[in-house]
1. Name the helices (complete DSSP H segments) of the chain with a Cα length along the long axis of 20 Å or more and a Kyte-Doolittle mean of at least 0.0, or state none.
2. Keeping all protein chains in the complex and leaving out DNA, RNA and ligands, what accessible area do you get for Lys261 with a 1.4 Å probe, in Å² to the nearest 10?
3. Under a 1.4 angstrom probe, counting protein chains only, how are Ile85, Ile251 ranked by accessible area, largest first?
4. Once phi is turned into θ = phi - 60°, what whole-Hz ³J(HN,Hα) does the Karplus curve with 6.51, -1.76 and 1.60 give for every residue of the range 87-96, x standing for Gly and Pro?
5. Ignoring ligands, DNA and RNA, please state the percent of accessible area on the chain from carbon and sulfur, probe 1.4 Å.
6. Magnitude of the Cβ-charge dipole of the chain, K/R +1 and D/E -1, about the Cα centre, nearest 20 debye?
7. Just to be sure I understand, if you calculate volume of the Cα convex hull per residue in Å³ for this structure, which of (1) 123; (2) 196; (3) 152 do you get?
8. Roughly how big is the range 19-87's charge dipole about its Cα centre, with Cβ charges of +1 (Lys, Arg) and -1 (Asp, Glu), in debye to the nearest 20?
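The values are calculated or read from the model by the stated rules, or taken from the named source; none is laboratory data. This structure is a prediction, so every number in the text was calculated from the model and none was measured. Cβ: placed from backbone, ideal geometry, glycine included. Neighbour counts: every protein chain shown. Note: areas computed on protein heavy atoms with side chains; ligands, DNA, RNA excluded. Shrake-Rupley method; radii C 1.70, N 1.55, O 1.52, S 1.80 Å.
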Amino acid sequence: MTDGTMLDQKNLEAAAGIAGTMTGDVLKMSVPRSDVKVTVDGFEIVPFMGLTTWAAFRKGTEQTTVMGDIVLMEDEVGVAVSAAIEGGFYVTALHNHFIRAQPEVLFMHIEATADEATLGQGVRKILDAVETIRQTRPVNPAIKEVPNQLDTRQLEDIIGAPGELKDGVFKFTLGRPEVPVRCSRCGGLEINSVMGYNTWAAFQGTEERAAVCGDFAMLELEVAPIIRELRAGGIEVVAVHNHMFFEEPRIIFLHYWGIGKATDLATILGRALATQKQVQSDDACCSP
């Protein structure tokens with residue numbers, strides 16, 4: 001279901017200089033950071049594992065809203081933040097997704113509501129600022145694909161959802177349609193999974209030694225129970241923060257990192273997902 005009118009895809013792509021993909025009435029532009037090599041605990045983090053810059057646009061009744069996530073090396077942060085502010089964007093978060101990353105990598109979330117040309121040009125300014133830094137200070141590029149020896153069917157059975165295999169990484173993306181979120185400053189526009197309101201998990205490695213990273217999208221009452229489940233299973237909680245402004249209800253995002261047997265990691269995540277559903281059920285039963 002859509003609650004806005006259709007975007008002018010060609011106009012937006014021309015303004016941003018990036019081709020996008022339409023999913024329903026949302027246009028998403030993705031820019032993999034294949035130009036930088038990042039490793040965590042001996043695992044190389046290819047773009048599909050969580051190193052992809054993106055911006056998603058959805059049109060409301062009058063104006064268009066963009067939300068996005070910009071992957072940044074430390075020396076790119078200053079120029080990217082300045083470009084975002086100068087382009088009329090909110091910088092809604094600046095944080096890590098990983099710990100012990102070599103080199104350090106940060107993530108800048110952006111949000112804005114305006115006309116399509118302004119938003120597209122604003123995204124382009126941010127990307128140009130980042131590209132200027134990398135042209136003057138080149139680094140080693142990422143490899144294109146990591147080895148994969150995972151039993152993906154078994155992981156799907158444990159998580160209870162289909163995954164996607166790409167570049168050696170097996171990823172689950174789980175929206176939260178049961179808890180609709182709207183932006184109060186965007187004309188009440190609904191923020192859906194394509195715009196970044198989702199839980200996800202990405203696996204790489206072997207059955208005996210896999211790595212998983214990802215993000216839980218949570219209501220406030222769900223934060224502590226999910227952390228408890230992750231920590232009980234030995235998965236590290238590496239960040240807890242917001243991604244958005246003006247959303248109703250408030251959504252908190254939690255990033256995690258774990259190493260172990262692939263099925264053990266999936267089982268821990270499955271327990272956290274089940275706990276989240278139980279908290280929702282208990283809260284619904286007890287709400288006036």
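1. 262-286
2. Around 90 Å² of this residue is reachable by solvent.
3. Numbers: Ile85 100, Ile251 0 Å².
Per-residue accessible area, sorted high to low, gives Ile85, Ile251.
4. Once rounded to whole Hz, the list reads x, x, 9, 7, 8, 8, 6, 9, 7, 9.
5. Reported share for carbon and sulfur atoms: 51 percent.
6. Numbers: 25 positive and 39 negative charges, 48 e Å.
Value, rounded to 20: 240 debye.
7. Given (1) 123; (2) 196; (3) 152, the calculated one carries the label (1).
8. Details: 5 positive and 10 negative charges, 69 e Å.
So the dipole magnitude of the range 19-87 works out to roughly 340 debye.
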